[in-house]
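What follows is a single structure, written as C-alpha cells, with notes after it.
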Amino acid sequence: MQSQVQTQTPSAEPPLAPVLAKNWWLVLLRGIAAIIFGLLAFAWPGLTLLTLVLFYGAFALVDGVLAIIAAIKGGTPAPRWWLAIVGIAGIVAGALTFLWPGITALVLLFFIAGWAIAVGIFEIVGAIKLRKEIDNEWLLIAGGVLSVLFGIAVLIVPGAGALALVWMIGIYAIIYGVILVMFALRLRKQTA
C-alpha cells in the first residue's frame, strides 16, 4: 500500500494574524466606540431622530476610519481588503448621515441595516481567512453574524418605533463592542 504525502502549496497571501495582532489596539478602539455609542443610546432613550442620526453618523465614521487605519497598517493589502471595505462602508454611511441629517427614519433604518449586513459579511469573510492563523476566530464570526442578524431584523421590522429603534441599536452596539474588545484582547495575546 502506498502512502500519499500531500504537499502544501504556499499561500499567495502573507499571514494576516501578525498584522492584526500588531494593531490589536485599533480593534479595541472600534469596540470601545461601539460600547460608548450603545450606552449613549440607552442614556438618552428619548433622543430625537436627528440626534440619533448624528450619533449613528459619528459612530459609523469613527468605526470606518479605524477599520481603514487597520487595513493600511502592515504588509501587502491583499489579505486586508475586507477590512478596507468595512472601513469605506462606515465612512460612506457616516458621511451620508451628516450630509443629509433630515432623512426620514425609514431611510436611516435602511442605511443602518445595509451597513450592518455589509460589515457582518466582511467580518465573517475575514474570520474565515484567519481561522488557520489564530485561535478563537469565532469571536470575529460572532460579531459578523450579530451584525448580519441585526441588519436583517431592522429590515424586517422597520416600523417598530423610535424608542424600540434606539434600544435595538443600543443593544446591538454594546454586544458588538464587547465582542470586538474580546477579539482585540485575544489578538493582544498573539503579540506576547
Is the shape of segment 17-191 rounded, prolate or oblate, going by the alpha carbon gyration tensor and its root eigenvalues a ≥ b ≥ c, with a/c under 1.5 for rounded and a/b larger than b/c for prolate? prolate
Roughly how big is segment 17-191's charge dipole about its Cα centre, with Cβ charges of +1 (Lys, Arg) and -1 (Asp, Glu), in debye to the nearest 20? 480
What nm distance separates the two modelled labels at Gln190 and Ile152, each placed 7 Å from Cα along Cα→Cβ? 2.7
Cross-link candidates for Lys73: which lysines have Cα within less than 17 Å, leaving aside residues fewer than 8 places away along the same chain? Lys22
What residue among Val86, Thr51, Ser147 has its Cα farthest toward the positive end of the dipole of segment 17-191, where the charges are +1 on Lys, Arg and -1 on Asp, Glu, each on the Cβ? Val86
May I ask you to derive the relative contact order of segment 17-191, considering only C-alpha pairs under 8 Å and at least 6 residues apart, and to give it as an integer percent? 38
Under a crude label model (7 Å from the Cα following the beta-carbon direction), how far is Lys73 from Leu54 in nanometres? 3.0
Sorted by Cβ density within 10 Å, fewest first, the residues Glu137, Glu123: Glu137, Glu123
Between Val92 and Glu133, the two model label points (7 Å from Cα along the beta-carbon direction) sit apart by a distance in nm of 2.5
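Bear in mind that the values in this text are calculations on the coordinates, not laboratory data. This is a predicted model, so every value here is computed, not measured. For neighbour counting, all protein chains shown are included, and Cβ atoms are generated from backbone atoms with ideal geometry for every residue, glycine included.
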